[in-house]
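Laboratory data are not the source of any read-out in this text; all were calculated from the coordinates shown. Only a predicted model underlies this, so the values are computations on that prediction, with no experimental measurement involved. Quick reminder, even Gly has a Cβ in these numbers, built from the backbone with ideal geometry, and neighbours come from all protein chains shown.
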């Protein structure tokens, strides 16, 4: 039987003479065992029972008894609603198993039952077309450090307003004032207990000065070994430390490339205020920061950097695809010295053209957008930054001529320590200066940070032993100090501090 009679029996088959072969890239040729031809527009598959609509000059006759299954290597069937595949350099392809973002030919991500995701319909049409940056007239030099980063943030006034966060901008603003609270009251002041320490004896003083000299290579040891210690004066220095552990909160706008998933927007509920979100410090009296995303503040928007194209101009070649050859400086020729003679030869790097293909963009002139990573859509949200800061102030009482700041870095006996949400100043200590400065520092810390919330306060009073030693050596009469449980030495007038006093000379 003629082939034409078989094809006319097929429902919707074309008339003989209209079967032109498919062009390369538009689907496989309809031979025996091959599937139906792909349409040029990559449309959705035809409903069952209907033949593919014939384009003029494209319809090949169907063979009897052969269906239209796709053969391996001839392209997977196009899914409903998907546009043409990405061309090289037009943005990163979608990861396997993940659907493209809404508004670009793909349906929105499937939401689980009961979840209300906020996906604005204008997410893909609210940005102007991407425009190339200025392309230089001449090929730029090969600068591998050039970058596409640094694009400005979008104008917050053009973004979707978030209820309760309408004034938030991209840069962190001032801290949000905490809710009003009253400090707790105490019926009685804390009790102080003082444990006296014995001073550092003469033997410990002499051992400390010898150890001090051994740590300095240019110090002579003869004065330390032969000095005559005439008097030791043991005293105690006091170090009062007040710590206030505060919490402050700031908000700012942020965005990330949208790679699919649920978008938790205001339709899921009202965003909570900054101080209503639960957040606890990792450790007390330790400065650190934590960041949380505010619930129900997310929404989708086209990337402002590439206007939804998924690519931007290459920062290395400025869109030309080629850069000036660094070997010949763009001349195409370079000088070669051989056997004492110089001659000009064609550059082997650029083959005499003076230009080389840009390795960053592969000669395409464009790279994947660094802002959206080629996904073309950004997820905007409000970021809450919680800062825990340990603020401290101290007071040192040291009655000798030794510098007071040396007491801060040595250990001593803890006379009194207290940790409360709000501490009370020390008022019952036998030393008046300690009481007065405790009251002063506590009063200053109560009002020093109006935009932060006080979590805890801690006050510590330490007693540090200090011994002043007077000694004679030859015609020198001076003194030094030994302080702290480490028996550190402060001897600014030690006789042999120069190399002429070293034993090795």
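Structural remarks
- Average projection, convex hull of the Cα set of segment 264-397: 19.4 square nanometres.
- Estimated FRET transfer efficiency when R0 is 35 angstrom, pair residue 353-residue 132 (beta carbons, to 0.05): 0.90
- At 1.567 mPa s and 4 °C, Stokes diffusion of segment 266-319 via Kirkwood alpha-carbon radius, µm² per second: 83 µm²/s
- Hypothetical label at residue 293: residues of segment 368-400 whose amide nitrogen lies under 11 Å (7 Å Cα-Cβ projection): 379-383
- Cα→Cβ-extended label distance, 7 Å offset, between residue 451 and residue 207, nm: 5.4 nm
- Radius ratio Rg over Rh of segment 398-473, counting only Cα atoms, Kirkwood formula for Rh: 1.09
- 5 Å binning of all Cα-Cα separations within segment 228-277, expressed as whole percents from 0 upward: 4, 8, 11, 13, 10, 8, 5, 5, 5, 5, 5, 4, 4, 4, 4, 3, 2, 0
- Over every Cα atom in segment 203-251, the radius of gyration and the widest Cα-Cα span, Dmax, amount to 21.3, 67 Å.
- Extension gain, residue 218 back to residue 147 (0.36 nm per residue minus Cα-Cα distance, nm): 20.2 nm
- Residue order, fewest to most surrounding Cβ atoms within 10 angstrom, among 439, 434, 466: 439, 434, 466
- Highest average packing first - 212-218, 334-340, 368-374, Cβ atoms within 10 Å: 368-374, 212-218, 334-340
- Segment 346-409: C-alpha gyration tensor shape, a/c 1.5 cut-off, then a/b vs b/c: oblate
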